[in-house]
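Shown next, in structure tokens, is the structure this report addresses.
The values are calculated or read from the model by the stated rules, or taken from the named source; none is laboratory data. What you are looking at is a predicted structure, and each value in this text was computed from that prediction instead of being measured. Heads up, the Cβs are rebuilt from the backbone with ideal geometry, glycines too, and the neighbour counts pull from every protein chain shown.
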Amino acid sequence: MTGPVILVDADACPVKDEVYRVAWRHDVPVKIVSNSRLRVPEHPLVERVLVSDGFDAADDWIAEAATPRSVVITADILLADRALKAGAVVLAPTGKAFTAASIGPAIATRAIMADLRAGMEKGIGGPPPFSKADRSRFLQELDAALVRLKRQT
């Protein structure tokens, strides 16, 4: 059995630096998946995965690569659902864990919000701004997820 790996939906991810720090501390490889060229540290544990700019190309790559030994970092609820179905641990950049119990309501809320936005001229606001508390919670949750996965090895 291979060790854990972190898969990052990277194009709009605000916690890439935190991912690197935790990954290096745990000696876990990271795949930074994007459809634009992003700067990543020159480090043997960090791999840049550049996908086509096709719709959902990064999501498709991550969903295919996700396994029960993966931690997927994404704010995309539909990708979170696909990764959970592959058995991966899934964390939002805020540190909120997506689970089998929480993904259904999250998908339903996403659909309702999309309908509301479509029906309003000015639209409605998005999620609250990313905070220091979100960053701290993310660090704790990623660390805990890697500890759990390493214990399974």
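Observations on the model:
- The range 1-23, residues that are surrounded by fewer than 19 Cβ atoms within 10 Å (Cβ to Cβ) and closer than 17 Å to residue 144 by Cβ: 3, 21
- Top-ranked residue in the range 74-109 [being polar (S, T, N, Q) and over 16 Å from residue 62 (Cα atoms); ranked as modelled with the lowest pLDDT]: 109
- Residue match in the range 110-127 (condition: out of contact with any His (no Cβ under 7 Å at 6 or more places or on another chain), modelled with pLDDT of 65 or more and in a helix (DSSP H, G or I)): no
- Total residues in the range 32-77, condition surrounded by fewer than 19 Cβ atoms within 10 Å (Cβ to Cβ) and in a strand (DSSP E or B): 4
- Test: residue in the range 39-53 that is touching a residue at least 24 places away in the same chain (Cβ under 8 Å) and not hydrophobic (A, V, I, L, M, F, W, C): no
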